[in-house]
Amino acid sequence: MMPKALEGQVVMEKTPRYFVTMETPARVHAMSRHVKLIVVVRDPVTRAISDYTQIISKTPDIPSFESLAFKNHTTGEMDAQWSPLWIGLYALHLQRWLDWFPLEQIHLVSGERLISDPAGELGKVQDFLGLQRIVTDKHFYFNKTKGFPCLKKPEGSSKPHCLGKTKGRTHASIDPDVLLRLRDFYRPHNDKFYQLAGQDFGWQ
Ligand SMILES: Nc1ncnc2c1ncn2[C@@H]1O[C@H](COP(=O)(O)OS(=O)(=O)O)[C@@H](OP(=O)(O)O)[C@H]1O
C-alpha cells in the first residue's frame, strides 16, 4: 500500500508492469481517482530488442529473437502475444488506462528524449507533478564510457552516479529484414498511440 503523505510531500511508486496489466487501471482508480500517472515509452522495436537482451542475459539458451518474434516465418506473421512484442502495443495499453483516467492525468515521457535531453524531459515531469523545477541541466553530464547521461552529484553523495550495468547494455544484433518487418508491424499501432496521446513520438 502507498504510505500516507505528509503535508508538502509527494509519494511515488514505480512498477513497470502496471502499464500493461489488465486489472491495474481499475485498482489504481479505486485507490485514488486523482493520482498522477507517468509512463516512459520508447520505440517499441528498440524496446522489444532491449527486452530480449534482458531475457537472454538471464536464460542464455532461449531461441533466437527471430524465431520467437514470428508466428509464421513463411507468411511473416508476427507473434503479437510474445511478451516483448505485446508490451510495445502501447495504444492497447493506454486505451485501458484512458477508460479510467483522463489524458491530463497521464504524463508520457519519451525514452529517447530522456537520453538526449534528460533535464528537459525531467523538467516536464516536474511541471506535471506541480513541483518546482529543481532538477536541471546542471545535475547531468554525459559519460562517454557509459554512453549515457549520468548524475553529477546524487543527493547524499559527493561522487557522480550512472545507472547500473543492466541499463544501457549492448543489444542483441537482429537481422535487418526482421527489423523492417517489426517496423511495419508496429506502424499502425504507433499511429493509434500518437492519436490517443495527442503527440507524435517520431518512431520510424
Ligand atoms: N541515463 C541512462 N543511463 C542508462 N540507461 C538509460 C538512461 N536513460 C535511459 N536509459 C535507458 O533505460 C533503459 C533501461 O530501463 P529499464 O526499462 O530496464 O528500466 S526498468 O525496467 O523500468 O527498471 C535502457 O535500455 P537498454 O539500452 O536497452 O539497456 C536505457 O536505454
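Looking across the range 13-45, the residues that are surrounded by 10 or more Cβ atoms within 10 Å (Cβ to Cβ) and in a loop (DSSP other than H, G, I, E, B) come down to Glu13, Thr21, Arg33, Val35, Lys36, Arg42, Asp43. Residue pairs whose Cβ atoms lie under 8 Å apart, separated by 6 or more positions or on different chains, with the first residue in the range 119-148 and without any contact (Cβ under 8 Å) to a residue 12 or more places away in the chain and the second of a type in the set (A, V, I, L, M) and surrounded by fewer than 12 Cβ atoms within 10 Å (Cβ to Cβ), are Gln126/Ile134. Just checking, does the range 164-178 include any residue being in contact with a Lys or Arg (Cβ under 9 Å, 6 or more places away or on another chain), closer than 30 Å to Phe70 by Cα and either outside any loop (DSSP other than H, G, I, E, B) or small (Gly, Ala, Ser) (or both)? Yes; the residues of the range 164-178 include at least one that is in contact with a Lys or Arg (Cβ under 9 Å, 6 or more places away or on another chain), closer than 30 Å to Phe70 by Cα and either outside any loop (DSSP other than H, G, I, E, B) or small (Gly, Ala, Ser) (or both). Under the condition of being free of Cβ contacts under 8 Å to residues at least 24 places away in the same chain and not in a helix (DSSP H, G or I), which residue from the range 83-118 is nearest to Thr24 (Cα to Cα)? Only one residue tops the list, namely Pro102.
The residues of the range 78-98 that are hydroxyl-bearing (Ser, Thr, Tyr) and in contact with a His (Cβ under 9 Å, 6 or more places away or on another chain) amount to a single one, Tyr90. Among the residues making up the range 145-178, those that are surrounded by fewer than 15 Cβ atoms within 10 Å (Cβ to Cβ), farther than 26 Å from Val135 by Cα and away from the ligand (no atom under 15 Å from the Cβ) are Asp175, Pro176, Asp177.
Here, each number is a calculation from the coordinates, and none is a lab measurement. Only a predicted model underlies this, so the values are computations on that prediction, with no experimental measurement involved. Methodologically, a virtual Cβ is constructed for each residue, glycine included, from the backbone with ideal geometry; neighbour enumeration extends over all protein chains shown.
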